[in-house]
1. Subtracting the Cα-Cα distance from 0.36 nm times the residue separation, let me have the gained length for B:Leu30 to B:Glu200 in nm, one decimal.
2. Put a dot 7 Å past each Cα toward the Cβ at A:Glu32 and A:Gln270; how far apart are the dots in nm?
3. Given the pairs B:Lys166/B:Lys586; B:Lys166/B:Lys576; B:Lys26/B:Lys346, which are separated by over 20 angstrom at their Cα positions?
4. Averaged across the residues of B:614-622, what count of C-beta atoms belonging to other chains lies within 10 Å of each residue's C-beta?
5. Specify the angular offset, from 0 to 90 degrees and rounded to the nearest 10, of the alpha carbon long axis of helix B:332-359 from the longest principal axis of the alpha carbons in chain B.
6. Can you list residues from other chains, or at least 5 along the same chain, whose modelled amide H is less than 5 Å from the amide H of A:Ser183?
7. Extent of region A:7-478 along each principal axis, from alpha carbon coordinates, in Å, largest to smallest?
8. Residue by residue through region A:412-427, which ³J(HN,Hα) values in whole Hz follow from phi under the Karplus form 6.51 cos²θ - 1.76 cosθ + 1.60 (θ = phi - 60°), with glycine and proline marked x?
Amino acid sequence: MIDFNLIPLLPEIFLALVAMGLLIVGVGRGNEATNTVAWFSVFALAIAMIVMLGLNWDEHVVLSGMFKFDRFIGFTKLLILVGSIGALSLSVRFIKQMDMGRFEYPILVLMATIGMLLMVSANNMLALYMGLELQSLSLYVLAAFRRNSIKSAEAGIKYFVLGALSSGMLLFGISLIYGFTGSIDFTLIADTLGNLDFMPFGVIFGLVFVLAGMAFKISAAPFHMWTPDVYQGAPTSVTALFAMVPKVAAIALLIRLLYEPFGSLEEQWQQIIYFVSLLSMVVGAFAAIAQDNIKRLMAYSSIGHMGYALIGVVVASEAGISAVMLYMLIYLLMTAGVFAILMSMQRNQVSLEKISDLSGLSQNSPVLAYSMAVLMLSMAGIPPMAGFFGKLFIFQAAVEAKFYILAVLGVLASVVSAYYYLRIIKVMFFDAAVDPYDAHIPFARRVVLLISVIFVLAFILKPTLIVASAQGAAAVLFTG
Amino acid sequence: MELLVVFPPLIAFLLAFLFGKSLGDKGAQLVTCSGVIIAAISSIVLFFDVAMGGHGYTTLLAPWVTSGDFSVNWALKVDQLSVVMMCVITIVSSCVHVYSVGYMSHDDAKARFMSYLSLFTFAMLMLVTADNLLQLFFGWEGVGLASYLLIGFWNQKHSANAAAIKAFVVNRVGDFGLALGLFATFALFGSIEFTTIFEEAPEMADSVLSFFGHEFHALTLIGLLLFIGAMGKSAQLGLHTWLPDAMEGPTPVSALIHAATMVTAGVFLVARFSPLYEYAPTALIVVTVVGACTAFVAATIGLTQFDIKRVIAYSTMSQLGYMFFALGVSAYGAAMFHLMTHAFFKALLFLGAGSVIHAMSDEQDMRKMGGIYNKIPITYALMWIGSLALAGMPFFAGYYSKDIILEAAFADHSWWGEFAFWMGIAAALMTAFYSWRLLFMTFHGKPRASKKVMSHIHESPPVMLGPLFVLATGAVLAGFVFYEAFVGHHAMWHEAIKVLEANDTITAAHHVPFWVKKLPIGIGLIGIALAYLFYISKPKLPEATVKRVKPLHTLLFNKWFFDELYDAAFVKSSFKLGKLFWCTDKQVVDRFGPDGAAGTSNKIAALLSRFQSGYVFQYALVMMIAVIGLISWFVFKTGQGF
């Protein structure tokens, strides 16, 4: 059957063309073009988003089963595009201020985005690997982008070495799966595994390796060790990107792997994810207490958040998956706001990263302090902020599926983690004020912060709209 | 109209409290004063409407609590009883508000002070206009709160804070009784609406309630529990220790709250529940005896005190005793009458005392006063009027109200009525004595204050004297004018107060022997003469007398050792118990609970940080161990080889 329908891949194709075109422009005009290239990339991402909204969102499998498009994938891709637009807008002025305004930066972000879009669309292990590597390689370079800084270079190297190791594990797992099922196509793997009366141990072996590779990408414990070092070392704008976008892509891909090819291995992968989720929550809650660098703290915070999100994956119900997607959406928008504030922590053009640098912020710049307070309360999951609803739906799903222990431990972990979120508020509002920050905050950063804070505060007013679309996305995985 | 009485003080409170800073001192004073003055004018209009015109009515504001059979509304009950209270509250409150503008002119927190006064006024109005026990309780607690805030208004003074806490805690004992009474009422009647309770009270005259495992006569039990609440708020013997200490608050507060209005809430409560008390004769006997003892004991203590405000405070307590034994002999109208006249002359005395204190540069000890009558003649004259009214000299307000109380007690022809009558006569003698002792010590004799203080003495400004004149008018005229309306043959009360035919002591009081009618005046004159003898003609006499009756004087001077007794019996043991719990909490609960958990969290955090060494090979090792661990888990679990 010859099937050459490229329509569902239009956004990716469009972005790839734009990226190559911009590369040529950059080569021609050098670093003067950085601003133009950056804004044009944002623009292109926005167009890609509009194009995608115009597509037919029913299930399509194209290119001989290589790629797939459906509601779940579409929803994820929207999140990825929104996150990339946000992260890139935050970066434009920042890379200039940090003296790394080279035109490759926006193009690398664009490449990474294409990689992520492709990997969540993958319906074949090969396509999965190609997409994953495209985004990973772009991100390795971005982590080391501030190459005259030792920390940034170190972050890039660490990320690269460990990333390579995880890719190796992933590939090893895929090869084992291929060995036992004779296929790399998701649909065929699912069929083969579904018809076995007895699960060969090699398949489980392969599953463990594949999941280890995926867990590395979402920085879930115990595959999280790279996260704090890389988050701290990478330029803040890159950290923002890391914290927001690849996690959404990786968790969506993880969900697809678990439900499509490995659907019949539910009993086994539930145990793995259970363990990973629990450990992530514990590490995220406790390790962050000892941190004094706020980027490092955000790293542990993101590990913890992935732990909560994975609860929704473990429960293996429609409610669980829709809760995960909602959680990722809320997490993405909250994180965008937090990083917009972190980027504004500058004195005399020098970025500040210590928690103590926030001291007395409420007196110097009350708007930043109150926004940060709102976002921190949301991160801690305190009503009526959006973060509370994210956690609420997750725990609700867990309780419905009778995962009581996981739900209780999750709530306890979020109590512990509330400590370090509240500590930031305490430092901002009750500690003595020090010198004010640089007053100028670029327009794009303000817009991102405003959207983030408004979303967090206003979510309670009309949650049904967003909840319904997350539910629609999750439903796809359960109708097949 | 009743809305115009109750809500302006609330609005004034909110404005002055929330926006005090932006309104400024002048603005806050203006807002609060106009709030209560509007209320005062409206309540006078309402008085003529309801009390003189005819029957009362109830205005429903909003439903409050509805739960099963239990439902309560916010409502304003306007009848003769509440309208009298409204007038007293708002008129005295207006005087005190205006007076405070002058008295507190050197204070830093004028807006806060004025707002608290307005809050008190509002809460007191809610109390008296309640048509159910819960709203009454709301107002009851509201005035308690305002009283607490105002006693401790000068919170930089340790003694003021201690007095505020004492007032709150002692009142809590009474409030507990009131709350139990409320519960008992609901248990018996299934409702806490006044109308229902009063209608059904006659049918319940023989029912019983089980309390602490014993069966009690239901109405007596309720009556006694409510009376415990009244004792707390109205400083009756046993629960009175907070009132003298409450004088730590600014003097206008003492005049408004601790003389004229809040302390009479207990009297109002019993009068309001007259339809219930009439069927609980045992409870009435208790009320009579407690009231009579209070009148006597407080008067004896008043003889020996030197703080000008404390003397008046004990006099207040003594007068409240009069009101209670009037209630006890079913002379509710007489009690309300005395409540009203007392409010005028006692507020006058307090504000007058405030004027003296103001003139003497905040000196309150009468031993350091004297010889100032010609320097502040207006205050002096006004204090005379107040004292004449208090001592019950003819044609002043107190003469009418105190006499009818004593006559009613006599006319009850029972052992408790007789007891109350003689206690009251004794107290009247002492009242006259200590009132003139106060006048003579404060204004006459040789000046005992320092030169500096004496040179500063000045008459108070018009803003302080004006309210005094208003109150003085009341102290002179209120008795004569309202005698018929309150205790005459055709009193105005109608349904507001219920008296059984057999208990109608007020009617009987008009027919007592001649000597009973004239005895109080004679006794009062003797008291004044004695005071003159002791403090003007023979100034050495008091010291000699004190030496003669040393033990008795010690007992009285130390206020019958109530404070010491309570301190030993309750306060010390409570502190010990508190310390024990505190230690347990600190050493056991905190150590293994919150502190322990926090400590453990820090340890886990440190442990996890140690894993984060920064070496890539260690990170890789952790990943490999994790993968191998997961695989081993499955191998172990399935027990299956390759």
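1. Numbers: separation 170, 0.36 × 170 = 61.20 nm, distance 4.69 nm.
Result for the pair: 56.5 nm of gain on full extension.
2. Roughly 6.4 nm, to one decimal.
3. Details: B:Lys166/B:Lys586 27 Å; B:Lys166/B:Lys576 18 Å; B:Lys26/B:Lys346 28 Å.
Where the Cα-Cα span goes over 20 Å, the pairs concerned are B:Lys166/B:Lys586; B:Lys26/B:Lys346.
4. Values: counts 5, 3, 11, 1, 1, 11, 7, 1, 5.
Partner Cβ neighbours, averaged per residue: 5.
5. Tilt relative to chain B: about 80 degrees.
6. Amide H neighbours of A:Ser183: none.
7. 69, 56, 41
8. Ordered by residue, 3J(HN,Hα) equals 4, 4, 6, 5, 4, 5, 4, 4, 6, 5, 5, 4, 4, 4, 4, 4 Hz.
The values are calculated or read from the model by the stated rules, or taken from the named source; none is laboratory data. Since the model is a prediction, treat every value here as computed from it, not as a measurement. Cβ: placed from backbone, ideal geometry, glycine included. Neighbour counts: every protein chain shown. Ligands, DNA and RNA are stripped out before the accessible areas are found, and what is left, the full protein with its side chains, is counted by its heavy atoms. Shrake-Rupley method; radii C 1.70, N 1.55, O 1.52, S 1.80 Å.
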